[in-house]
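Encoded as structure tokens, the structure appears first; notes follow it.
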Amino acid sequence: MKLDDYDFADEINLSSGITKEKEDFFGFTKRVTKIDDEGIFRKKRGTYISFEFSDDVDEEKFCQEIIATLKKMSKKKKNKLVLCFGIGNEQYISDALGPKTIRKLHPTCHLKEGKKMYGLSAMIPGVMAETGLESARTALAIIKEYNVDFVVAIDSLVTHKEERLFRVIQLTDTGLTPGSGILSFRKSLTQEYLGIPVLAIGVATAISSRALEESFIERMENLSENAHLKSYLKNNLTKKMSYYTPKDTEEMIEALSDILSYCINEAFG
């Protein structure tokens, strides 16, 4: 990941082409970031809504706010077939959020009666290294076969800020590109490619070595008084990118997948 690559739109510090709103609740903050200019920091034009929470969050109110946002962003209507796609590799716990969430969903489309399928459906497409198939192509085939109306894609994201690991959830109407956080780009799960609206949900599960080094430099005492040292450190950042997760990642993946699956079941089930 380069420093101009951002999974989280609210981490972008620009004054033009972006509008931001902030609303504080008990134990969590909701930020709405709208990107007006296509391509800013490789982000698509659209709406990005993040929920950053603390240890004392009121979980019920937190979930209700996410559920309400999911319904609003998806323009929830009756008799629509929603396909939830769990992106990620279950073999690596920091990348297992998508599949873990899918396994906790309660599909309802097979229980509904009518001429057209509707309700909640779910699938874990796996990763290309295991299946040889791209997630977006798999989704497109299912959409055409079952006449899906809306896609919800869940994935693990990379943050630039250490304190946000497993502390922020992002919803966006721009879709997602599997693997983009670690510069392993695949075909995108977007409305442009799939032909139907896509809502992407992501959680900060990893941080890059570059971001950690940048953070360390910014926190160094009296750094502004030593321009030569700052310049040296910035010019000698790690060239080979690595990604790190907290030691309690497995526990946090379970907790966040519980929250996401509950919200999705309530919003679309």
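By the count of other C-beta atoms within 10 Å, a proxy for reagent exposure, SER257, SER135 are ordered fewest to most as SER257, SER135.
Taking the Cα centre of region 9-268 as origin and assigning +1 to Lys and Arg Cβ atoms and -1 to Asp and Glu Cβ atoms, the resulting dipole is close to 1260 debye. For region 112-142, trypsin sites (Lys or Arg not before Pro) meeting the loop criterion (DSSP other than H, G, I, E, B) and having at most 13 other Cβ atoms within 10 Å: LYS112, LYS115, LYS116.
Exposure proxy for SER156, SER94: other Cβ atoms within 10 Å of each Cβ, ordered fewest to most, give SER94, SER156.
Inter-label distance, MET241 to GLU254: 3.1 nm, where each label sits 7 Å from its Cα along the C-beta direction. Per-residue Cβ neighbour counts within 10 Å put LEU212, LEU14 in the sequence LEU14, LEU212, beginning with the fewest. Rounded to the nearest 5, the antiparallel percentage of DSSP beta bridges internal to region 9-268 is 60%. The packing ranking, built from the mean of other Cβ atoms within 10 Å per residue, places the peptides 244-252, 98-106 in the order 98-106, 244-252, highest first.
Every read-out reported here was derived from the displayed coordinates using simple, explicitly stated rules and does not represent laboratory data. Values in this document were obtained by computation on a predicted structure and should not be read as measured data. All Cβ positions, glycine included, derive from the backbone under ideal geometry; neighbour counts span all protein chains shown.
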